[in-house]
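What follows draws every value from the coordinates through simple rules; no lab data is involved. None of these values were measured; they are calculated from a predicted model. Please note: Cβ atoms are built from the backbone with ideal geometry, for glycine as well, and neighbour counts cover all protein chains shown.
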Amino acid sequence: MTKLRALSAFPLAGVTTCLTASFVALGCMGTETGNPIGDSGPGDEQVIEGVPVGEQCELAVTELDWDEDWGPGFSAADVAAHFPDELTTTLRFHETTSLSYGPESGFGEIEVSIEPRERAYVVGPEPQAGNDGPVSEGPVGDYGSECARTLHVESKVTLKSSGGALDDTFLVTLATRVFADTTHTHFRVPVDALHGDLHAELDLPEGQSLASPLDLEVEMWLSPAGLTAALRIASDVVDENDAPVASSPIALGRFPADQPCGLGAHFLEGDQTLHSFSHAEVVERLMAASGEEWTYEHQDGTTELSWSLPDAPVSGCVGAEQTGVEFLTPLVIESADGSVDGTFMVNVYATGNADGTFSALQIAGGAYEQDIADAQDLGERYGITDPAPLDGYVGGMTDFLVDVTREPWGIFRYAGLTQDDCSDASQSCEGMLQTVLFGAHFGDPRNGYELVPVDE
């Protein structure tokens, strides 16, 4: 039977964390315990250990019951239910001049199996002063990505490559912080401790040497859109004075062999979805606001402003933890009264929540030219058919924004810029002052775009 090992592990935010042996990931120094982790619990105390991480926060590890819900409303059992018992995918080993390795190279296959062990932990910030609630409570992202709470599911992960380089079972945790069906693991193990036939030798500059054996580093993302993983060789290098030399892990391989969006992301086409999100839905929701009646902000009257995006379904990369996307696209725009007629580039931006709703969904475009020579054709560039001249201004700006996250609203402005002379020390200095020459809106603009009453 393959011997299980406690490994050096890395949390989702990429910050190395060292935990007690009761937790599954041990060894910030890269050492190996050589012992499997037993089935006994962590003891009578709920919080196993507080772990300082950088200067951002202090994390604590709390063991959960297997079926106990945590913050987002799912349990470790729910997470484990999405693990595939086994799968086979393509494997590609990279060519590199600084690393010699074998016995495999080029393309092959790899078998992956995951066996949960019905133990789970929450890693998150310590309760704040005066708050006696459990560490598992509270929104996931309150403390930023480095300190975000994560749910860790203890599992045996087996990797077996077709050429014999890998034939090993590792005891690690698969972690999630948003979705029950999306997990991540990142760990290291010494190459010479592997049961497979992988061997590697690093070509170092003169005067440098290894302070410890080379490690195999494995990083793996699993989501409804598939699996992406990377294999790397990590080293601890010193100079002739035994001073540490900064070095990054060297890419060894990846699976599957084709990863058009890189590690932890997937390419979605047309109506394909990930966590109930699709590019097609984003375009459809934005297009629903086309044809709204816009009211002139600094002129009398109203007009209907309509626009269109490319007809073909938009495709792009989406991260395994995302329900969102960002891409540039031409926007064709025209108004019923002829005041606007043109095409310009806009940014489509969408992010979603775990429940399938959107936290942001908008189109934005515009330019800010502080040099009057660059601003002269600004109005025409953004589809204004008869823009007011910028005589007497030092620059110009445009902004176009449509937001349909909740109640739809939009704003479209063309303005001249003048420099505040800031000569009166008793008055606040505004920097560049904007004089709106063309302004239209629909709905109730917000997020800093609230309308300012026009001076009489």
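Just subtract the alpha-carbon distance of Ser105 and Val238 from 0.36 nm times their residue separation and send over the number in nm, one decimal.
Length gained between Ser105 and Val238: 45.0 nm.
Arrange the peptides 101-109, 242-250 so that the one whose residues have, on average, the most other Cβ atoms within 10 Å appears first.
Highest to lowest by the protection proxy: 101-109, 242-250.
All other residues with a Cβ under 15 Å from the Cβ of Val404 taken together, and with Lys, Arg as +1 and Asp, Glu as -1, what is their net charge?
After counting each charged neighbour, the total is -3.
With r as the distance between the Cβ atoms of Ala360 and Thr385 and R0 = 45 Å, compute the FRET efficiency 1/(1 + (r/R0)^6) and round to 0.05.
0.90
Residues with beta-carbon under 11 Å from that of Ala364, excluding Ala364: net charge, scoring Lys, Arg +1 and Asp, Glu -1?
Charge balance near Ala364 sits at -3.
Where does the charge balance sit around Thr343 when Lys and Arg score +1, Asp and Glu -1, over other residues with C-beta under 11 Å from its C-beta?
Taking every Cβ under 11 Å from that of Thr343, the sum is -1.
Give me Ile411, Ile372 sorted ascending by neighbouring Cβ count inside 10 Å, so fewest comes first.
Ile372, Ile411
Among 209-219, 225-235, how do they line up by average Cβ neighbours within 10 Å per residue, starting with the highest?
225-235, 209-219
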